[in-house]
1. Which ones in the stretch 1-49 are loosely packed, with under 11 Cβ neighbours inside 10 Å, among the polar types (S, T, N, Q) and part of a helix (DSSP H, G or I)?
2. With respect to residue 25, determine if the residue is of a type in the set (Val, Ile, Thr) and more than 20 Å from the chain's Cα centre (by Cα).
3. Could you grab the pairs with beta carbons closer than 8 Å, sequence gap of 6+ or different chains, first residue in the stretch 55-69 and over 24 Å from residue 45 (Cα atoms), second one loosely packed, with under 10 Cβ neighbours inside 10 Å and not hydroxyl-bearing (Ser, Thr, Tyr)?
Amino acid sequence: MTAAKRKTSLTMDAADLDAARDLGVNVSAVAGEALRRAVAEARQRRWREENAEAFAAQADWHAQNGHPLAAIQTGPATWKS
């Protein structure tokens, strides 16, 4: 399924647009991908900010109580054949 597209107007550096055209770069595709990436990064930043208090509370709890599964955690150095 293809996402609905909407026309928009962008003001960009003329030399960059000329170079893109000369090199066959699809400016719309590049702009769309850059926008998707910027939106994803902004959403991730917002989520971290909205949940920062919970992360801090969890870190404080672990600092005071240790990791609840520390007694049963194992790693590759502890494996026996």
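Read the figures in this text as sums done on the coordinates, not as results from a lab. Only a predicted model underlies this, so the values are computations on that prediction, with no experimental measurement involved. Using ideal geometry, Cβ is built from the backbone for each residue, glycine included, and neighbour counts are taken over all protein chains shown.
1. 44
2. yes
3. 67/73
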